[in-house]
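Q: This is the structure I have questions about; it appears just below.
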Amino acid sequence: MSKHVAVLMGGWSSERSVSLNSGTACADALEGQGYRVTRVDVGPDIATVLTDLKPDVAFNALHGPAGEDGTIQGLLELLRIPYTHSGVLASALAMHKERAKVVMRAAGVSVPEGRVVNRHEAAASHVLTPPYVLKPVAEGSSMGVIIVRDSNTPPPAEVGRADWGYGDEILAETYVAGRELTCAVMGDRALGVIEIKTASGDWYDYDAKYAEGGSIHVLPAEIKPNLYQRVQELSLTAHQALGCRGISRADLRFDDTPGGTGALVVLEVNTQPGMTKTSLVPEIAAHAGFRFGELVQWMVEDATLGR
């Protein structure tokens with residue numbers, strides 16, 4: 001008898017639409033692999049829904065707060081339903097960018113310099129010497145990210161507005177110029193490295209990630225072999241230092257600009273990376289020989305409690 005998999009998707013975060021796309025793609029692929037699948041659009045009654053469903057495995061396709069910050073993971077532990085991706089602690093830790101940086105730095109992973117500031121302070125004056133980046137400490141998909149490019153630019157007023165929806169504390173980081181790189185980790189193995197080039201030539205924002213034609217993925221990244229290997233090493237080290245399980249994806253910057261620092265830094269680790277057929281992780285996995293259906297099957301068979 002085939003396993004019954006509940007694919008958790010949707011939810012109520014700012015990344016709901018991305019999650020629905022990921023969940024639908026994964027559910028379709030799992031059905032193609034012979035699993036019995038129930039699609040679950042997660043709401044406040046999720047504990048009752050899962051108690052009634054009694055699935056063998058929960059495939060977590062949620063993105064953003066509640067889905068990747070340890071909340072749903074804790075619930076699944078209480079309900080004793082094995083689940084995919086990272087566990088409670090690793091999810092919560094990786095989601096909080098500043099705390100994740102502390103752990104990664106202690107493990108020898110280079111990360112951007114920065115500090116947590118109050119958003120009203122950041123709206124009133126420059127909190128770092130430009131260029132710098134302001135970002136919510138616990139959001140994904142580049143939500144709420146602002147780049148302050150030079151000292152002639154006024155501090156970003158939008159972070160001080162009443163309708164700012166990403167919390168009072170934000171992370172200010174030194175801007176690292178150069179190439180955008182990303183590497184997937186699958187279990188205890190770092191897979192390939194993609195260089196992301198935006199169609200506009202600007203940074204990899206929400207539109208570049210999800211709009212059709214918004215970005216160009218170069219796989220394998222056209223960088224020197226020793227650097228390619230270093231990206232893989234850093235991605236695996238970060239994954240392990242944070243305690244991640246299953247699939248994760250590290251985002252990095254490499255400053256190869258003329259007169260640049262040559263720095264290679266990890267910006268963050270995504271414990272719930274996008275999982276549509278055109279997302280980065282499935283693309284990297286395909287390059288390593290895993291068809292999309294095989295990838296999601298591996299994730300289901302890897303699911304456990306106590307992750």
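Q: Go through segment 104-122 and give me each residue that's over 17 Å from Val133 (Cα atoms) and part of a helix (DSSP H, G or I).
A: Correct list: Met104, Arg105, Ala106.
Q: Next question, about the same structure. Out of the residues in segment 36-77 that are at positive phi and in contact (Cβ under 8 Å) with a residue 40 or more places away in the chain, state the one that is surrounded by the most Cβ atoms within 10 Å (Cβ to Cβ).
A: Gly64
Q: Within segment 215-230, can one find any residue that is at pLDDT below 95 and within 21 Å of Ile146 (Cβ to Cβ)?
A: yes
Q: Residues in segment 261-272: is at least one assigned to a helix (DSSP H, G or I) and either closer than 28 Å to Glu113 by Cα or among the aromatic types (Phe, Trp, Tyr) (or both)?
A: Checked against the condition, which is being assigned to a helix (DSSP H, G or I) and either closer than 28 Å to Glu113 by Cα or among the aromatic types (Phe, Trp, Tyr) (or both), segment 261-272 yields no hits at all.
Q: Still on this structure: Let me spell it out: the conditions are (1) farther than 17 Å from Gly165 by Cα; (2) at pLDDT below 95; (3) crowded, with 20+ Cβ neighbours inside 10 Å; (4) not aromatic (Phe, Trp, Tyr), and Pro136 meets all of them except one. Which number is the exception?
A: Condition (1) is where Pro136 drops out.
Q: Is at least one residue of segment 69-79 in contact with an Asp or Glu (Cβ under 9 Å, 6 or more places away or on another chain) and farther than 22 Å from Ser248 by Cα?
A: Checked segment 69-79: no residue is in contact with an Asp or Glu (Cβ under 9 Å, 6 or more places away or on another chain) and farther than 22 Å from Ser248 by Cα.
Q: In addition: Which members of segment 20-35 meet the condition of being of a type outside the set (A, V, I, L, M), farther than 19 Å from Gly246 by Cβ and touching a residue at least 12 places away in the same chain (Cβ under 8 Å)?
A: Asn21, Thr24, Gly32, Gly34
Yes or no, residue by residue, for (1) among the aliphatic types (A, V, I, L, M); (2) surrounded by 14 or more Cβ atoms within 10 Å (Cβ to Cβ); (3) over 17 Å from Met186 (Cβ atoms):
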| position | (1), (2), (3) |
| --- | --- |
| Ala221 | yes, yes, yes |
| Ala238 | yes, yes, no |
| Arg245 | no, yes, no |
| Leu264 | yes, yes, yes |
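Q: Can you tell me which condition Glu283 does not meet? The list is (1) of a type outside the set (A, V, I, L, M); (2) out of contact with any Pro (no Cβ under 9 Å at 6 or more places or on another chain); (3) within 14 Å of Leu191 (Cβ to Cβ); (4) crowded, with 23+ Cβ neighbours inside 10 Å, and all the others hold.
A: (4)
Q: Show the residue pairs that are 6+ apart or on different chains and have beta-carbon atoms under 6 Å apart, the first residue being within segment 290-304 and more than 16 Å from Leu191 (Cα to Cα), the second being outside any helix (DSSP H, G or I) and among the hydroxyl-bearing types (Ser, Thr, Tyr).
A: Note: pairs meeting the criteria are Ala303/Tyr83; Ala303/Thr84.
Q: So if I check each of Ser13, Ser17, which one is touching a Leu at 6+ places or on another chain (Cβ under 9 Å), hydroxyl-bearing (Ser, Thr, Tyr) and either in contact (Cβ under 8 Å) with a residue 60 or more places away in the chain or closer than 27 Å to His96 by Cα (or both)?
A: Sole residue among the options that is touching a Leu at 6+ places or on another chain (Cβ under 9 Å), hydroxyl-bearing (Ser, Thr, Tyr) and either in contact (Cβ under 8 Å) with a residue 60 or more places away in the chain or closer than 27 Å to His96 by Cα (or both): Ser13.
Q: Additional query: Can you tell me which residue among Ser17, Ser13 is under 26 Å from Glu139 (Cβ atoms) and in contact with a Pro (Cβ under 8 Å, 6 or more places away or on another chain)?
A: When all the criteria are applied, what remains is Ser13.
Q: Considering only segment 249-263, I want to know if a residue exists there that is over 14 Å from Glu180 (Cβ atoms), under 15 Å from the mean Cα position of the chain (by Cα) and at pLDDT 95 or above.
A: No, that holds for no residue.
Q: Among the numbered criteria (1) surrounded by fewer than 21 Cβ atoms within 10 Å (Cβ to Cβ); (2) of a type outside the set (Phe, Trp, Tyr); (3) assigned to a loop (DSSP other than H, G, I, E, B), which single criterion is violated by Arg230?
A: Exception for Arg230: condition (3).
Q: Scan segment 291-304 and tell me whether some residue there is at pLDDT 95 or above, under 15 Å from Gly192 (Cα atoms) and buried (at least 17 other Cβ atoms within 10 Å of the Cβ).
A: The answer is yes; a qualifying residue exists.
Q: Continuing with the same structure: Could you check segment 271-307 and list, in sequence order, the residues that are under 13 Å from Ala61 (Cβ atoms) and polar (S, T, N, Q)?
A: Thr271, Gln272, Thr276, Ser279
Q: From the set of residues in segment 149-177 that are under 17 Å from Val137 (Cβ atoms) and aliphatic (A, V, I, L, M), which is surrounded by the most Cβ atoms within 10 Å (Cβ to Cβ)?
A: Ile170
Q: Taking strands (runs of 3 or more DSSP E) that fall entirely within segment 145-197, which contain at least 2 residues that are farther than 15 Å from Leu128 by Cβ and at pLDDT 90 or above?
A: Those strands (runs of 3 or more DSSP E) span 179-186.
The values are calculated or read from the model by the stated rules, or taken from the named source; none is laboratory data. Note that the coordinates shown come from a computational prediction; the quantities given were computed from them, not determined experimentally. Glycine also receives a Cβ, built like all others from the backbone with ideal geometry; neighbour counts cover every protein chain displayed.
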